[in-house]
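Only one structure is covered here, and it is reproduced in the block below.
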Amino acid sequence: MSELRNYYDLLGLPFGASEALVKQKYRELAKALHPDVNPSPEAQEKMRLLNEAYRVLTTPHLRLAYHLRLVAQAARQRAMVSSAHVQTVQIARSGAGLQLFLAVIVGFVFLTAAVYHWMHPFSFQTLNLEGLNLKAIPPYLHLPPTLQKVDFSHNNLSAVPPEVYDLPVLIALDLSHNRFSVLPTKIIQLSRLEILNLSHNNLRALPIGIGEMTSLKELDLRNNQLVMLPEELFMLPNLRRLDVRGNPLSPEAQSRLRLFQQACACEVLW
């Protein structure tokens with residue numbers, strides 16, 4: 001995984017600088033790098049990076065995800081340094097001090113992110129937390145009730161983060177590529193959910209009451225361990241796409257799917 005560029009360093013600003021400061025600094029730097037003033041190839045590349053930094057740091061959901069990725073990157077670097085210093089007792093001892101130093105730095109980044117997002121609340125509709133190696137939602141991360149789409153794919157979640165149930169207008173939830181073996185019945189509380197991706201987990205059964213998720217339009221269950229499918233699944237009134245490929249479905253389940261495929265006006269993949 002390539003190392004994240006530090007947009008704050010690029011702008012000459014401290015971590016967590018306000019949107020107003022980002023815009024002000026962007027305008028100052030852009031004046032010197034604009035093609036009308038500086039036509040050199042180096043200036044063009046710097047201007048491209050400057051635009052990239054501006055877009056990320058002034059778009060709420062991109063900014064939040066960027067902060068989290070910086071934290072994850074720092075944690076990976078700490079782990080790499082730690083593993084590289086366990087070869088000998090001498091290196092391990094010297095690495096202990098370095099590990100402590102890095103732990104303090106990572107802790108500071110976490111604390112800074114916590115304070116920043118507490119001091120600068122914002123509303124947005126989409127949150128992408130894909131591939132951050134999360135086992136739970138970080139304690140400093142408050143999910144605003146305005147969220148409509150959340151992506152938790154490619155993490156290490158084994159349970160649905162409880163904060164998800166407090167999102168009243170959530171319509172799309174991606175939990176694919178995690179470690180789920182059980183999906184709690186509480187998931188049916190997400191009554192407005194239209195798209196649910198549970199692919200590439202280890203689910204062996206679907207929760208009782210899934211038939212009450214009447215807003216569901218797309219359900220992705222690929223590559224789990226499902227043998228049977230509950231009858232209420234086939235009663236969902238708005239279902240338009242059901243994907244159960246890659247499951248060890250029983251002959252009975254396959255027969256029921258065949259009948260459903262013939263009777264419904266939706267796409268069924270199995």
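Only the coordinates and a few stated rules stand behind these numbers; no lab work does. It should be emphasised that the depicted structure is a prediction, and the values quoted were computed from it without experimental measurement. Neighbour counts run over all protein chains shown; Cβ positions are idealised from the backbone, glycine included.
Holding the Cα-Cα limit at 28 Å, pick out from Lys186/Lys217; Lys25/Lys149; Lys46/Lys149 the pairs that are longer than that. Over 28 Å Cα-Cα: Lys25/Lys149; Lys46/Lys149.
Of Val37, Val182, the sequence from fewest to most neighbouring Cβ atoms within 10 angstrom is Val37, Val182. Here region 126-269 is treated with +1 on each Lys and Arg Cβ and -1 on each Asp and Glu Cβ, and its dipole about the Cα centre works out to around 220 debye.
Among Phe260, Phe15, the order by Cβ neighbours within 10 angstrom, fewest to most, reads Phe15, Phe260.
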